[in-house]
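Enquirer: Have a look at this one before I ask anything.
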Amino acid sequence: MENHLQLIIGVDKNNPNFTIYRDSQAKEIHVYIGLALLEIIPDKKDDPNLKFLLARLFNANVNRRRLTETFGYSYHTMQRWGEAIKSGDAERMVRALGGQGAPRKLTKEIEGYIAHRFKSIYAVNKRSYSQEIRDEIKKVFQVEIAPETLRVLFGTLKEQYYQEKAKQEKKTL
């Protein structure tokens, strides 16, 4: 069995413990503390495990310039992740590790509300159901959501609606 590990971050005076290797064939990152394997995580840019690893390494004062060069995330991004982990606040961690920009407007609660209301509204208003639902969301949640944000969700709900309708029609035959 061939070893495909390439050292990407080694020990130095500021980091006497961690060595990090990349296995480009298996697309994995191997993290060692001393000689012991600590963890193996997917080498995928947006994988939450990679973000958690970088946040922990940032908090452990591993060479931040080297982390930035190696993984391509900015110092401030990794700092935000590290602070979120230190806070212990689950919501803050989700926001920090979830990506850039403002918090999501389409929360799980709003998605659930839309799924609940969709059938009754769509059944009588196929023309402007989107606007009607967005108006209700604005009243109930005090959030304005763009039609494009809901497009995929509405597509899924329409598909379910017509599948259920077809099943009901089969039963009546």
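The values are calculated or read from the model by the stated rules, or taken from the named source; none is laboratory data. Treat the numbers as computed from the prediction; the structure is a model and nothing was measured. Positions of Cβ are generated from backbone atoms using ideal geometry, with glycine treated the same way; all protein chains shown enter the neighbour counts.
Enquirer: Every residue in the range 48-71 that is out of contact with any Asp or Glu (no Cβ under 8 Å at 6 or more places or on another chain), surrounded by 14 or more Cβ atoms within 10 Å (Cβ to Cβ) and not in a helix (DSSP H, G or I), please.
Expert: Val62
Enquirer: The conditions are (1) modelled with pLDDT of 95 or more; (2) part of a loop (DSSP other than H, G, I, E, B); (3) small (Gly, Ala, Ser), and Ser130 fails exactly one of them. Which is it?
Expert: If we test Ser130 against (1) modelled with pLDDT of 95 or more; (2) part of a loop (DSSP other than H, G, I, E, B); (3) small (Gly, Ala, Ser), just (2) comes out false.
Enquirer: Could I ask something else about it? For the range 135-153, give me each residue that is surrounded by 12 or more Cβ atoms within 10 Å (Cβ to Cβ), in a helix (DSSP H, G or I) and among the hydrophobic types (A, V, I, L, M, F, W, C).
Expert: Ile137, Val140, Phe141, Leu150, Leu153
Enquirer: Which of the residues spanning the range 1-31 are hydroxyl-bearing (Ser, Thr, Tyr) and modelled with pLDDT of 90 or more? Break it down into steps so the answer makes sense when it comes.
Expert: The first filter runs over the range 1-31 and keeps only residues hydroxyl-bearing (Ser, Thr, Tyr), leaving 19, 21, 24.
Those that are hydroxyl-bearing (Ser, Thr, Tyr) and modelled with pLDDT of 90 or more: Thr19, Tyr21.
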